[in-house]
Every structure is written in C-alpha cells, then in structure tokens.
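One structure is given here, and the rest of the page talks about it.
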Amino acid sequence: MIECKPKGKAIVSLGLFAVICYAVSLLLFSVATKTTFIYVVIALVTVLGLIINLRMFMTYKVITVGKGKLFVKQPYLFRTKTYELTKLKLVNEEKIKTFNDEYKELLLEFDNGKLKLNKQEYTDYERFKSYIDKNKPGKKKSKGKGKKSLG
C-alpha cells in the first residue's frame, strides 16, 4: 500500500504564513493612530490568513493506493472518496523547470471526479506515479484494418 499525505514542510510553511498574517493584523490594530487605510490593511491581512487556514483544512487529504483502487480521505471534512483505476480516463503530468528543481503535478481524471497531486506538497509522489503508470487501463485497439504507410 502506498500512502501519500501532505509533507510537514508544506503544512508548517502555510501555518507560519497564517500566523504572520494574524500577528501583523494585531500589530496594526494596536497602532495609536488608526486611519481608514490601517483598517483596510487589517481587514485584508486577516482575510488572507483566514483563506490560508481554510485552504489548509479543505485541501488536506491522505491518498492510499492499493488493489486497483485509490482511497482519498479528507479527515477535516469527514469525507472519503474511492476511485477505481479501471475507470481512469486521463493521466496528465505537468512538469515545470525551476531554479534548482522541477515542479511536478499529476492530474488524474476519473468517471466520478478529478484528483490532483504534486511532488512538492505530498510524500511518495514518485511511487504513486509509478503505480499509476503500471496499473492504468490500456487503450483498446480498434478492430478495423490498419492502413500501411508508403515510404
């Protein structure tokens, strides 16, 4: 069984960014001269921190792979989805070169939904990718006669 879950570094960095947003809003709230600009900045920074926290909780998922099925558990939403590899329609890996590494994102499209996974945020990405490549359903050949090319 392969288990992909968010890396600790990704969770810590997002959590630290949210804490910094809250600290900045508290610091600005304690400023003696409050203008409309200060209130707008406080509101924007607080909303940014809330959005980061919501993103962390809503997108946290643990993906378990085995026996031809993918189990996606979202513990904060109390939801578990099951995808069967036989119903896999599309596998698309996008690669982007960065300064010292390569950003990889894998998109899996099933009959009953989509699943995105990237190398920087999830553990065991390479094992997951190789499992999908080995076990994805093959394309069926058409029964028509093939044409031979000349030359």
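Using r as the Cβ-Cβ distance of GLU102 and ILE51, and R0 as 35 Å, what FRET efficiency do you calculate, to the nearest 0.05?
Efficiency computed from Cβ-Cβ geometry: 0.80.
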* To do: Starting with the highest mean, order 60-66, 90-96 by the number of other Cβ atoms within 10 Å, averaged over the residues of each peptide.
  => 60-66, 90-96
* Net charge contributed by nearby residues that have their C-beta within less than 11 Å of LYS104 (K/R +1, D/E -1) -> -3
* To do: Measure off 7 Å from each Cα along the Cα-to-Cβ vector at PHE17 and LYS5, then give the distance between these two points in nanometres to one decimal.
  => 2.2 nm
* Structure fact -> Cβ-Cβ cut-off under 10 Å around GLU126, Lys and Arg +1, Asp and Glu -1: the net charge is +3
* Structure fact -> Each label sits 7 Å from Cα toward the beta-carbon; between LEU26 and LEU44 the label points are separated, in nm, by 2.2 nm
* Based on alpha-carbon positions alone, could you give the equivalent ellipsoid semi-axes of the chain from the gyration tensor, as √(5λ), descending, whole Å? => 44, 19, 15
* Within-10-Å neighbourhood charge of VAL62 [Cβ basis; K, R +1; D, E -1] -> +2
* Asked: By how many nm would the segment from GLU94 to THR82 lengthen if fully extended, with 0.36 nm per residue of separation less the alpha-carbon distance?
  -> 2.0 nm
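Every number in this text was worked out from the coordinates using simple rules, so none of it is lab data. Keep in mind the model is a prediction, meaning the values are calculated, not measured. As a convention, Cβ positions derive from the backbone with ideal geometry for all residues, glycine included, and neighbour counts pool all protein chains shown.
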